[in-house]
Each structure stands twice: as C-alpha cells, then as structure tokens.
1. Would segment 52-72 turn up any residue that is modelled with pLDDT under 95 and either among the acidic types (Asp, Glu) or at positive phi (or both)?
2. Of everything in segment 83-107 that's buried (at least 16 other Cβ atoms within 10 Å of the Cβ) and hydrophobic (A, V, I, L, M, F, W, C), which residue is farthest from Phe56 (Cα to Cα)?
3. In this structure, is Val165 part of a strand (DSSP E or B) and crowded, with 21+ Cβ neighbours inside 10 Å?
4. Collect the residues in segment 186-200 that are hydrophobic (A, V, I, L, M, F, W, C), touching a helix residue (DSSP H, G or I) at 6+ places or on another chain (Cβ under 6 Å) and in contact (Cβ under 8 Å) with a residue 40 or more places away in the chain, keeping them in residue-number order.
5. Looking at (1) in contact with a helix residue (DSSP H, G or I) (Cβ under 7 Å, 6 or more places away or on another chain); (2) assigned to a loop (DSSP other than H, G, I, E, B), which is the only condition Ala115 fails?
6. Name the single residue that is surrounded by the fewest Cβ atoms within 10 Å (Cβ to Cβ) among those in segment 118-139 being basic (Lys, Arg) and assigned to a loop (DSSP other than H, G, I, E, B).
7. Kindly indicate whether Leu265 is hydrophobic (A, V, I, L, M, F, W, C) and either under 19 Å from Leu28 (Cα atoms) or without any contact (Cβ under 8 Å) to a residue 40 or more places away in the chain (or both).
8. Can you pull out every residue in segment 79-89 that is in contact with a helix residue (DSSP H, G or I) (Cβ under 7 Å, 6 or more places away or on another chain) and not aromatic (Phe, Trp, Tyr)?
Amino acid sequence: MINLAKDVRRSIIEVACKSRSAHVGSALSCTDLLVALYFYQLKNLDVKNWKRRDIFILSKAHAAIALYAVLTKKGLITQGQFNRYFQNDGSLPAHLDRFDPQGRLRKGIEVSAGALGHGFNIAVGMSYGYKLRGDKRKVYCLIGDGESQEGSVWEGALFGAKLKVDNLTVLLDFNNLQGYGRPTQICHFMPIAAKWEAFGWQPYQVDGHDFREILDALQKPHRGKPKIIIAKTVKGKGVSFMENEMKWHYYMVTDELKEQALQKLCALIK
C-alpha cells in the first residue's frame with residue numbers, strides 16, 4: 001500500500017508541474033486517506049455493480065488532483081484525461097465538477113464542489129436518503145481542518161447526529177495548515193474529538209499516514225451515530241521541502257522542483 005501511495009504522489013507532482021497548478025501540499029496530505037478508501041474500503045466500484053457503489057465525496061475539493069490521481073489508478077479516469085488536468089484543452093478542472101464539458105456525468109465524481117463546507121452537507125443528506133430507502137450503501141466524505149471552521153459544517157454535524165446517519169463516515173484531514181496560517185491559531189477549535197463527540201458523533205483519532213490505523217478506524221463501530229475519523233496528517237507529506245510549509249497551499253511545481261520532489265519521493269519512508 002505504501003508503494004501505491006508513493007505512485008499516486010508521483011503522479012500528483014508530475015501533473016501539478018505540467019499544469020502549473022496550486023494546492024499540491026493539500027493533495028499530498030490526504031493521499032494516504034484516499035488510497036485506503038479506494039483500494040480497501042469502498043465497495044462496488046466496478047462497472048457491473050456501479051449503481052450499488054459506496055459514495056465518496058471530496059468536500060475539500062481544492063485537493064481534486066489527489067482524487068483524480070487515485071481515480072486514474074482505479075481506471076475510472078484515463079491517463080490521458082489526467083495528463084490534461086487544469087489545461088485549456090482538458091476536461092478536469094482544479095475544483096471538482098460532476099459534469100464534463102459535454103454535460104456527461106464523470107464516473108467517480110459524485111458532486112461539484114469547491115465552496116468549503118458544501119460537500120460535507122451533501123454527504124449528510126445522501127446518507128439520510130439512503131437510510132430512508134433502506135439502501136445499504138455507505139457514504140464517506142473527506143473534509144479539511146480549515147474547512148471545519150465553516151458554520152455550515154457544524155450545522156450539518158448537528159443535523160447528521162439528529163438523523164442518526166450511522167451509514168456516514170467523515171474523515172478530517174488535520175494537517176494544521178490552511179491558506180493563511182494554522183487553523184488552531186486562526187480559529188481555535190481544540191479539542192477536536194471532544195467537540196465532535198459533543199455534537200453527537202462517534203470520533204476516532206489516527207495517524208493519517210499509518211495505513212493500519214486508518215483501516216482499523218474505518219472498521220470501528222458507529223454505535224448508532226455518524227462517525228468521524230480525525231486523521232493527523234502533514235501538509236506536503238512525502239516531499240521533505242514541502243512538508244509542513246504553508247506556501248505549498250498555493251506554490252507551483254516548476255520543472256526543477258519537480259525533479260527534486262521526485263527524488264525525495266524515491267526515498268519516502270513512512
């Protein structure tokens with residue numbers, strides 16, 4: 001699984017360089033969470049069972065390049081499509097769009113997202129809809145720690161607990177860096193687990209780069225509540241000069257930096 005995550009990170013770096021796009025650090029911090037979900041947790045992602053698939057929503061949609069890289073590895077996006085990410089002749093935007101330029105649904109992109117806090121609430125609504133219908137599918141959603149400052153997230157948290165959507169698992173990418181500083185300094189929200197528990201959720205805390213901990217938390221019980229996995233991560237994980245550096249929320253990968261980053265990835269040790 002470590003090698004798979006390393007390949008995904010390599011793809012992110014290469015395509016980010018080609019497109020001169022931002023949010024590389026955000027994408028690298030959630031890579032391991034996405035790999036765990038798509039290669040070990042989500043069910044029925046094959047064409048035959050597609051209508052019964054588990055749902056994943058990337059609410060921190062500025063990390064779209066990470067999701068595209070994983071979907072490419074899963075065969076849901078072609079390599080050619082991914083290579084044209086954020087290009088004038090491409091079809092994959094920097095923030096998620098459920099529809100391609102021809103108006104067709106994109107396989108693997110469940111919602112259009114980008115405005116922080118919206119994807120989370122869509123996940124709550126979908127979870128409740130499936131429960132009402134008796135549909136056994138599970139819903140998963142990834143949010144950022146900066147995103148969790150949004151009031152809409154806490155409204156949805158209250159509503160989800162009230163509806164007892166125990167078919168919903170939210171993963172919080174807690175890398176403690178957002179566009180303009182550290183979330184813990186910009187809008188104090190500690191202790192995180194205690195807050196979510198007080199709002200009626202079942203919280204678990206993990207190392208967001210330890211696959212054993214991630215997979216174990218994904219299997220842990222909901223106890224009749226929506227579940228949140230608070231994953232402590234490192235922004236820019238895998239590339240030492242990007243790790244825990246705020247500038248990599250927006251900084252672009254030049255050709256020179258790409259080669260340096262790929263060398264660092266070759267020596268990646270978890």
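The values are calculated or read from the model by the stated rules, or taken from the named source; none is laboratory data. Fair warning: this is a prediction, and the values are worked out from it, not measured in the lab. Here Cβ is always computed from backbone atoms with ideal geometry, including for glycine, and neighbour counts include all displayed protein chains.
1. For segment 52-72, residues modelled with pLDDT under 95 and either among the acidic types (Asp, Glu) or at positive phi (or both): absent.
2. Phe86
3. Numbers: part of a strand (DSSP E or B): no; crowded, with 21+ Cβ neighbours inside 10 Å: yes.
Taking the combined requirement at face value, the residue does not satisfy it.
4. Phe199
5. (1)
6. Lys136
7. Numbers: hydrophobic (A, V, I, L, M, F, W, C): yes; either under 19 Å from Leu28 (Cα atoms) or without any contact (Cβ under 8 Å) to a residue 40 or more places away in the chain (or both): yes.
The answer is yes for Leu265.
8. Answer for segment 79-89, where residues must be in contact with a helix residue (DSSP H, G or I) (Cβ under 7 Å, 6 or more places away or on another chain) and not aromatic (Phe, Trp, Tyr): Gln79, Asn83, Gln87.
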